[in-house]
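To start, the structure itself, in structure tokens.
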Amino acid sequence: MYAMGLLELNSVAAGALAGDSMLKAADTTLVAAQPCCPGKFIVMVRGEVAAVKSAIAAGEEAAQENLIDSLVIPSVHPDVFEGILGAGDIVETGAMGTVETFSLASCIYAADAAVKAASVKLMEIRLGRGLGGKSYFTLTGDVSAVSEAVRVSVSVPECEGMIAQKVVIPSPHPSIREAMM
């Protein structure tokens, strides 16, 4: 299992510099380096825990006053990477849950906790694009599993004060399920 590290910055240029510093500082793999709105940039890496921690430290140093937030999850659930990249296969099941957050880092913490808490499948993790700086994730599974995953995800200490909204929809209409993928 990989560790995940993420930097959220308020500048594209500073994001490029921080990402370069991260990748030169430690043996990690770049997962994403992309703009998010409004005017944010994220750099995400994965690798062994020590390497990810070193990369994040180097990126934070390079980012200086442009750093908004950072995270390191030592053993991130593999579905989190798929959810961010939109690469997961979704099987229709009984319910759909959505958790909306005020920050990118809190969304990743919450999504990781959700998939570790119950037998659910992440449909997508949307990080800030077209959302005014907010983020959300959507997951699917049976009603009790989705309810438990959502309950656990919003109680993660790193997400305190950062949850905008949450919902569990039993038997969602197929058009809504399709729209959320």
Practice task
With everything on Cα atoms, drop me the angle between helix 104-117 and the longest principal axis of the chain, reported from 0 to 90° to the nearest 10.
Solution key: 50
Handout entry: Accessible surface ranking that places the most exposed of LYS40, LYS116 first, with a 1.4 angstrom probe
Key = LYS116, LYS40
Completion exercise
LEU71 neighbourhood, Cβ < 10 Å, K/R = +1, D/E = -1, net charge -4
Problem - Whole-Å distance, taken between Cα centres, linking region 23-57 and region 85-159 - result: 21
Practice task
Go ahead and estimate [θ] at 222 nm for the chain from helices alone: -39,500 (n - 2.57) per DSSP H run with n ≥ 4, summed, over the residue count, rounded to 500.
Solution key: -11500 deg cm²/dmol
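Taking 29 Å as the cut-off for C-alpha to C-alpha distance, list the pairs among LYS24/LYS116; LYS53/LYS166; LYS116/LYS166 that go past it. Show your work: numbers first, answer last.
Details: LYS24/LYS116 31 Å; LYS53/LYS166 31 Å; LYS116/LYS166 18 Å.
In this structure, LYS24/LYS116; LYS53/LYS166 exceed 29 Å between Cα atoms.
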Problem - Eligible aspartates and glutamates near LYS121 by straight Cα distance, threshold 20 Å, same-chain separation 8 or greater - result: ASP79, GLU82, ASP89, GLU92, GLU100, ASP112, ASP142, GLU148, GLU178
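Would you work out if region 9-93 is rounded, prolate or oblate? Take a ≥ b ≥ c from the square roots of the eigenvalues of the alpha-carbon gyration tensor; rounded if a/c is under 1.5, else prolate when a/b is larger than b/c, oblate otherwise.
Working: a/c = 2.45, a/b = 1.41, b/c = 1.73.
It comes out oblate by the Cα gyration axes.
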Practice task
Give me the accessible area per residue for the chain, probe 1.4 Å, as a whole number in Å².
Solution key: 45
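Compute the convex hull volume of the Cα atoms of the chain, divide it by the residue count, and report the result per residue in Å³ as a whole number. Please list the in-between numbers first.
On the way: hull volume 17.7 nm³, N = 181.
Convex hull of Cα atoms, per residue: 98 Å³.
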Handout entry: 0 to 90° range, to nearest 10: angle between helix 49-63 axis and the chain longest Cα axis
Key = 60
Practice task
Relative to the longest principal axis of the C-alpha atoms of the chain, give the angle of the C-alpha long axis of helix 12-25, reported between 0 and 90° and rounded to the nearest 10°.
Solution key: 80
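The values are calculated or read from the model by the stated rules, or taken from the named source; none is laboratory data. Please read these numbers as outputs of a predicted model, since none were measured by experiment. Here the Cβ is made from the backbone with ideal geometry for all residues, glycine too, and neighbour counts use every protein chain on show. Note: areas computed on protein heavy atoms with side chains; ligands, DNA, RNA excluded. Shrake-Rupley method; radii C 1.70, N 1.55, O 1.52, S 1.80 Å.
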